[in-house]
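Bear in mind that the values in this text are calculations on the coordinates, not laboratory data. Computed from a predicted structure; not experimentally measured. Every residue, glycine among them, receives a Cβ derived from its backbone with ideal geometry; neighbour counts consider all protein chains shown.
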Amino acid sequence: MLAYSDNTACDRNNYVLDFEVCAGNTHDTTSFPSLYNRLITKYEDVENIVVDAGYKIPAIAKMIIETGKNPIMPYKRPMGKKGFIRKNPYDGYVYDEMYDCYICPENEILKYMTTNRDGYKEYKSDNSKCKDCLRLKECTLSKNHTKVITRHVWEEYMEQVEELRHTMGNKELYSLRSQTIERVFADAKEKHGLRYTHYRGGLFY
């Protein structure tokens, strides 16, 4: 197990702009805010922030967008069981922004019920209609035949991220990671002995 984790930011020329060292059991999304705030303070003219999938969460998307920058994030496969209907505007559950509800492929409504402590809004189906649905087994394994869908309160920022991902030029920007930050990490591991920590103890600056 690694003792430390290093979050690093660089520009398109491979110059390291800033970094954040934290405990190895600290998730990248926890250490991101302090690193990001220092970056935008020192480099105000930066327009695009390219990050990997580990940073693709609503809180980070919201932070970047609200500071006037463009978050460039990769595609992540939808989570869920294979063969089940997913949240998908083409053939799955569709969100209706005006009425704040979801519509299932059979045109039934999943109404908003509550918001849980993790910041997710819960939408539930009418089990009296679901129990006789021919697609029930593709929808839920719930014993009471109720389908529950969750949506983060900041989900609209993730939708903006997806729009940006399909914007011309942004895919090319993300592909530069292999020539920039990935090379920074490769050099740190191969040339500076940072593949793993040799000692455990305090950090001194």
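Amide H contacts for Tyr93 (H built 1.01 Å from N in the peptide plane; partners 5 or more residues away or on another chain; cut-off under 5 Å): Arg86, Lys87, Asn88. The aspartates and glutamates whose alpha-carbon is closer than 19 Å to the alpha-carbon of Lys131, local same-chain residues fewer than 8 away aside, are Glu106, Glu108. Of the residues Phe19, Phe84, Phe32, the one that moves most in a GNM of the chain with alpha-carbon contacts below 10 Å is Phe84. Largest first, the three principal axis extents of the alpha carbons in the range 68-168 are 47, 28, 23 Å in whole numbers. Summing Cβ point charges (Lys, Arg +1; Asp, Glu -1) relative to the Cα centre of the chain gives a dipole of roughly 940 debye.
Find how many whole Å separate the alpha carbon centroid of the range 143-162 from the alpha carbon centroid of the range 1-71. Between the Cα centres of the range 1-71 and the range 143-162 lies a distance of 25 Å. Here is the size of the range 1-122 from its Cα atoms: Rg then Dmax, 18.6, 53 Å.
Under 1.5 on a/c is rounded, so check that first for the range 91-144, then, if it is not, pick prolate when a/b is larger than b/c and oblate when it is not; a ≥ b ≥ c are the square roots of the alpha carbon gyration tensor eigenvalues. Verdict is oblate for the range 91-144.
Connecting C-alpha atoms closer than 10 Å in a GNM of the chain, tell me which of His152, His166, His192 has the biggest fluctuation. Looking only at His152, His166, His192, the biggest GNM fluctuation is shown by His192.
Volume of the convex hull of the chain (Cα atoms only), normalised per residue: 176 Å³.
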